[in-house]
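Participant: Provided herewith is a single structure, encoded as structure tokens, for subsequent inquiry.
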There are 4 protein chains.
Amino acid sequence: MVCPYQGNETFGEEDGAGVRGFVKVGAEVEREFTVYFFDTDAGGVAHNLTYLRWIEAVRTDLAEALGWGIGEMVGGVHGCPVLTKTEVEYVKPAKLGDRVRVVSRLGQVGKVRFTVESEVQGAEGQLFCRAKQELVSVDLKTGKAKALREDWRKKHG
Amino acid sequence: MVCPYQGNETFGEEDGAGVRGFVKVGAEVEREFTVYFFDTDAGGVAHNLTYLRWIEAVRTDLAEALGWGIGEMVGGVHGCPVLTKTEVEYVKPAKLGDRVRVVSRLGQVGKVRFTVESEVQGAEGQLFCRAKQELVSVDLKTGKAKALREDWRKKHG
Amino acid sequence: MVCPYQGNETFGEEDGAGVRGFVKVGAEVEREFTVYFFDTDAGGVAHNLTYLRWIEAVRTDLAEALGWGIGEMVGGVHGCPVLTKTEVEYVKPAKLGDRVRVVSRLGQVGKVRFTVESEVQGAEGQLFCRAKQELVSVDLKTGKAKALREDWRKKHG
Amino acid sequence: MVCPYQGNETFGEEDGAGVRGFVKVGAEVEREFTVYFFDTDAGGVAHNLTYLRWIEAVRTDLAEALGWGIGEMVGGVHGCPVLTKTEVEYVKPAKLGDRVRVVSRLGQVGKVRFTVESEVQGAEGQLFCRAKQELVSVDLKTGKAKALREDWRKKHG
């Protein structure tokens, strides 16, 4: 899903160009995946869209770990996190049959916007891919941005 | 496919943060797509990965228009363009059944690296999504970067 | 989308086992696709899910050609066609860069159910894949089967 | 991946039309999945292709449990299992956020061909989808069918 809203709250300028490797602070979730045939392309390695699918799965797990499960997303208590920006760097390719570990961490938390940083790593800890994504909380009924819950922001911001 | 190579040739710092709307110069290709059910998610709009799939299709058409078709990519004359970086902004959602226009344009051309800028637009010209991507030419046999053909660089750089 | 309804109207027993090549009668639509990198897997050929994605696109185009566009599907005049069954045979693989032609034809039309037969062919007319699919018209608001419009059935049944 | 080979070894005629629920005999593997946003479509339920992606993952896990991991598939000792036929019935839709259980079981084992039967079930054991698939062992170097290893057939056939 993508966002029907582009406000003027911005993040990341202080980061300079490029996606930086993340420093472990705050909430973090990880999961392992196998590179199946449907994840690869004719180059014999995971297709670039596959990494973003894995990351979306772990990002959703991270939200759930922070009390913002899919039920809350569509139920309207919280608003639904909607992707507004992705910056992703592909460093090394994961091959068919590889076992990868995807780690996602909550980054900055603003009023309606927050960032998630993710890494896809190999079995020996090598970096395959890293991404920084910006999401906005949206009220699915109105399609408008909805402020993040104050208690949630205080706890995780 | 993603790249097994990260050299030190860099682009884009002069652009500042964020993805800028592109100025029409150089080679450009466009194609239309319908937003089918499989392109959407439970939010009723095109899923964020769908835009990148459309863009990859048009980016490949662009390469072919510039004499670098899939045959040349795997045949080894040119090397195969491999994605190393994506920056994408989702501005407005395309809905189920919408007809979208995807435009891709060759950006900067370096020794082994080049950029492609793309936009996904609606029927009334509204902007749904814009992306800037960096690719590297790779020799599929060795997995190493391969210089872009001199004549191609001169013509399109 | 898949169907929340399994009635007792059945088709196809007279066909015996397996998917037969279709005889051209009734409404038919076709479209061409290129086999892009994201359509392939590490075997260098189109992944088995890719054929079904192409077929769904052309099946949707066929519905539109028969006056049952996506607008009518979600607007509720007609009900929404929902897939209840797929039988697909993979005969020969389409390779990266191939140009394929997908043909879909309306098969049997029942009270709430209808079939669509599709073929994926190569540039020389060779058969890559053929599928027979059964769909049910569903009222998206209630999730229940909804009779096909009488005039539509008379015209196309 | 799909198969470049269609021999005359056939299965399933004795089953009559349709996909029967499977009887538990022989090797069986299962795994759970969450229905994420990217798995759904605008109908709010898992898209029909999603079930086949889940099933392919579990089918691959099943092969590994039977000593036929991805390494053996591409290494050439065993040949690579290539999908030649899918029959799938969609019975009830899995919704966004649902937790599903996918079970795959080895069915018939022939000389070069074998079948796998799979079910996608809900948390309360309800049936969402069932599929029967036929695969052929193929030598990836020659693209030709390759007999299943005699010891493997004896053990699992």
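Participant: Give me the accessible area buried between chains B and A, both sides summed, with a 1.4 Å probe, in Å² rounded to the nearest 100.
Facilitator: Between B and A, the summed buried area is about 2500 Å².
Participant: Something else about it: With all pairs of different alpha carbon atoms counted, what Kirkwood hydrodynamic radius in Å does the stretch D:106-148 show?
Facilitator: Its Kirkwood hydrodynamic radius stands at 12.1 Å.
Participant: Anything over 30 Å Cα to Cα? Flag those among D:Lys95/D:Lys155; A:Lys92/D:Lys155; A:Lys92/D:Lys92; A:Lys146/B:Lys132, in the order listed.
Facilitator: From D:Lys95/D:Lys155; A:Lys92/D:Lys155; A:Lys92/D:Lys92; A:Lys146/B:Lys132, over 30 Å: D:Lys95/D:Lys155; A:Lys92/D:Lys155; A:Lys92/D:Lys92.
Participant: What does the average come to when, for each residue of peptide C:50-57, you count the partner chain Cβ atoms lying within 10 Å of its Cβ?
Facilitator: 4
Participant: Next question, about the same structure. Using a 1.4 Å probe, how large is the accessible area of B:Val109, given in Å² and rounded to the nearest 10?
Facilitator: Number for this one is 30 Å².
Participant: Step through the residues of the stretch D:63-80 one at a time and calculate ³J(HN,Hα) from phi using the Karplus curve (6.51 cos²θ - 1.76 cosθ + 1.60, θ = phi - 60°), rounding each to whole Hz and writing x for Gly and Pro.
Facilitator: Whole-Hz 3J(HN,Hα) from phi for the stretch D:63-80: 4, 5, 4, 9, x, 10, x, 4, x, 5, 4, 8, x, x, 4, 9, x, 10.
Participant: Can you list, shortest first in nanometers, how far D:Gly67 lies from the same residue in the other copies, with each label 7 Å from Cα toward Cβ?
Facilitator: 5.3, 5.6, 6.2
Participant: Report ³J(HN,Hα) in whole Hz for each residue of the stretch D:132-139, in order, from the Karplus equation J = 6.51 cos²θ - 1.76 cosθ + 1.60 where θ = phi - 60°; Gly and Pro get x.
Facilitator: 10, 10, 10, 10, 10, 7, 10, 7
Participant: Can I ask one more? Sorting check: for D:95-101, B:47-53, which peptide has the highest mean count of neighbouring beta carbons within 10 Å, and how do the rest follow?
Facilitator: In decreasing order of mean packing, D:95-101, B:47-53 become B:47-53, D:95-101.
Participant: Provide the gained length on full extension for the span D:Ala123 to D:Leu66, in nm with one decimal, where the gain is 0.36 nm per separating residue minus the Cα-Cα distance.
Facilitator: 17.9 nm
Participant: Turning to a different aspect of this structure: When each copy gets a label point 7 Å from Cα toward the beta-carbon at B:Gly157, what are the spacings between them in nm, shortest first?
Facilitator: 4.9, 6.1, 6.8
Participant: Which distance in Å, rounded to a whole number, links the C-alpha centroids of the stretch D:95-157 and the stretch C:37-67?
Facilitator: Spelled out, the Cα-based centre of one part sits 22 Å from the other.
Participant: If you take each beta carbon of peptide B:58-70 and count the beta carbons of other chains within 10 angstrom, what is the mean?
Facilitator: 2
Participant: A further question follows. At 7 angstrom along the Cα-to-beta-carbon line, where would the label on A:Asp139 sit relative to the other copies? Give the distances in nm, shortest first.
Facilitator: Copy-to-copy label distances at A:Asp139, shortest first: 3.0, 6.0, 6.7 nm.
Participant: Just add up the charged neighbours of A:Pro81: K/R +1, D/E -1, any other residue whose Cβ is under 11 Å from the Cβ of A:Pro81.
Facilitator: 0
Participant: What's the long-distance tail for the stretch C:77-151, i.e. % of Cα pairs beyond 20 Å?
Facilitator: Value for the stretch C:77-151: 44 percent of Cα pairs lie more than 20 Å apart.
Participant: While we're here: Any idea what % of Cα-Cα pairs in the stretch B:23-156 are farther than 22 Å?
Facilitator: Of the Cα pairs, 39 percent sit more than 22 Å apart.
The values are calculated or read from the model by the stated rules, or taken from the named source; none is laboratory data. It should be emphasised that the depicted structure is a prediction, and the values quoted were computed from it without experimental measurement. Every residue, glycine among them, receives a Cβ derived from its backbone with ideal geometry; neighbour counts consider all protein chains shown. Heads up: the accessible areas ignore ligands, DNA and RNA and are worked out on the full protein's heavy atoms, side chains in. Shrake-Rupley method; radii C 1.70, N 1.55, O 1.52, S 1.80 Å.
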